[in-house]
Amino acid sequence: MSEASGKRGNGDESDEASGGSLPPSRELEDALREAADSVEAHQRSRRGESDPAEPSEELDALRSELNEARDRHLRLAADFDNFRRRSLRDREEAHQYGHQNLVKDLLSSVDNLERAIDHARKGGDGSTEGLLEGVELVLRELHSALSKHGVTLIEAQGQLFDPALHEAMAQVPDASVPANTIVQVFQPGYQLRGRLLRPARVLVSKPPQGAAESARGGEDT
């Protein structure tokens with residue numbers, strides 16, 4: 001056997017001893033690891049899973065839309081609640097005061113009936129007794145109808161003058177009552193469930209001239 005063939009034989013024996021495998025390489029291991037990570041990431045994305053180390057922009061957008069929708073819902077709910085309250089208040093106001101103009105028109109009829117009754121009583125003519133009774137009946141019916149709808153007469157005679165309820169037509173000296181006392185009612189006033197329809201037109205007392213001067217003199221001393 002020649003020397004060349006001996007060398008060649010020794011090389012074959014070393015290859016066979018190594019089993020025909022390559023020595024491990026760091027670059028090859030890194031490449032294999034990157035490929036495995038890429039495959040796993042692709043599989044997670046196909047299953048709808050995201051990498052926990054990286055925030056999902058799509059998830060953040062959905063959360064933002066959800067928060068905006070929740071805020072819109074709260075605003076709409078508040079607006080609807082305010083609208084419901086306004087509607088209830090307007091309905092209650094219409095129920096309480098919707099017939100206010102009708103009542104005002106009826107008041108002039110009540111005034112005329114009251115004047116007719118007063119004139120008949122002062123006349124003292126017996127022939128008007130039947131008419132007087134009929135007019136009084138109509139007046140009672142009108143007062144009953146007005147009371148049924150919440151209309152009340154304002155107390156004025158003998159009361160202290162109240163500018164919120166009374167309208168002073170004039171002042172007269174009167175020492176028998178305190179100053180600013182209503183001594184005569186020219187026209188009755190009415191309220192509708194506490195709301196002023198028409199003030200009572202009245203005559204108001206004031207101290208006589210001498211009493212007023214003596215009162216001022218006492219204050220000066």
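Every read-out reported here was derived from the displayed coordinates using simple, explicitly stated rules and does not represent laboratory data. Keep in mind the model is a prediction, meaning the values are calculated, not measured. Cβ placement follows ideal geometry from the backbone for every residue including glycine, while neighbour counts extend to all protein chains displayed.
Each of His166, His95 has some number of other Cβ atoms within 10 Å of its Cβ, and from fewest to most they run His95, His166.
By other beta-carbon atoms within 10 Å, ranking Val202, Val151 with the fewest at the front produces Val151, Val202.
Couplings 3J(HN,Hα) for region 196-208, derived from phi with the Karplus relation 6.51 cos²θ - 1.76 cosθ + 1.60 (θ = phi - 60°), are 5, 8, 7, x, 6, 8, 9, 10, 10, 7, 9, x, x Hz, where x marks Gly and Pro. Looking at region 135-217, the trypsin sites (Lys or Arg not before Pro) that sit in a DSSP loop and have at most 13 other Cβ atoms within 10 Å of their own Cβ are Arg193. Taking amide H atoms as placed 1.01 Å from N in the peptide plane, the amide H of Gly150 has no partner under 5 Å among residues 5 or more positions away or on other chains. Under 13 Å from a point 7 Å along the Cα-to-Cβ line of Glu167: which residues of region 89-133 have their amide N that close? From region 89-133, the list is 108. Listing Phe83, Phe161 from fewest to most neighbouring C-beta atoms within 10 Å gives Phe83, Phe161.
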